[in-house]
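All remarks here apply to the structure that follows.
The values are calculated or read from the model by the stated rules, or taken from the named source; none is laboratory data. It should be emphasised that the depicted structure is a prediction, and the values quoted were computed from it without experimental measurement. Here the Cβ is made from the backbone with ideal geometry for all residues, glycine too, and neighbour counts use every protein chain on show.
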């Protein structure tokens with residue numbers, strides 16, 4: 001779902017579930033108009049059970065709460081590996097996509113430049 005959403009908005013998808021050693025990147029993509037930028041996309045999905053009293057809380061949680069400092073460090077390492085593995089890129093960007101499944105409805109939130117390694 002996240003991959004098709006990004007492609008529909010002009011991203012070029014390079015890889016799904018790309019592995020760098022023991023690390024895995026959900027998506028690698030190139031944003032529209034930025035052919036030298038490689039984007040590492042972490043996808044997080046929240047499923048809210050029907051009738052749940054937790055509906056508001058489940059979406060109120062932001063993607064950055066689900067991706068802790070350790071996970072960001074691992075994504076940064078995998079991103080550097082991807083930058084070395086895929087020729088022609090000079091910039092590296094880290095995005096998140098959050099998907100909330102609530103009953104039969106899905107909502108997607110894309111957070112470009114979600115974090116900056118070392119910041």
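Is one or more of the residues making up region 19-27 surrounded by 14 or more Cβ atoms within 10 Å (Cβ to Cβ), in contact with a strand residue (DSSP E or B) (Cβ under 7 Å, 6 or more places away or on another chain), modelled with pLDDT under 85 and farther than 15 Å from residue 111 by Cα?
Scanning region 19-27 turns up no residue that is surrounded by 14 or more Cβ atoms within 10 Å (Cβ to Cβ), in contact with a strand residue (DSSP E or B) (Cβ under 7 Å, 6 or more places away or on another chain), modelled with pLDDT under 85 and farther than 15 Å from residue 111 by Cα.
Only one of (1) surrounded by fewer than 14 Cβ atoms within 10 Å (Cβ to Cβ); (2) outside any strand (DSSP E or B); (3) modelled with pLDDT of 85 or more is not met by residue 83, so which one is it? Status for residue 83: all satisfied but (1). Residue pairs whose Cβ atoms lie under 8 Å apart, sitting 6 or more positions apart in sequence or on different chains, and linking a residue in region 1-13 that is without any contact (Cβ under 8 Å) to a residue 24 or more places away in the chain to a partner that is surrounded by 14 or more Cβ atoms within 10 Å (Cβ to Cβ) and in a loop (DSSP other than H, G, I, E, B), are 10/31. Is at least one residue of region 37-52 within 17 Å of the chain's Cα centre (by Cα), in a loop (DSSP other than H, G, I, E, B) and modelled with pLDDT of 95 or more? Looking for residues that are within 17 Å of the chain's Cα centre (by Cα), in a loop (DSSP other than H, G, I, E, B) and modelled with pLDDT of 95 or more, one finds none in region 37-52, hence no.
If you go through region 12-44 and keep only what is out of contact with any helix residue (DSSP H, G or I) (no Cβ under 8 Å at 6 or more places or on another chain) and closer than 17 Å to residue 90 by Cα, you end up with 12, 14, 30, 31, 32, 33, 34, 35, 36, 37, 39.
Yes or no: region 54-68 includes at least one residue that is assigned to a strand (DSSP E or B) and either at pLDDT below 95 or in contact with a strand residue (DSSP E or B) (Cβ under 9 Å, 6 or more places away or on another chain) (or both). So far as region 54-68 goes, no, none of its residues is assigned to a strand (DSSP E or B) and either at pLDDT below 95 or in contact with a strand residue (DSSP E or B) (Cβ under 9 Å, 6 or more places away or on another chain) (or both).
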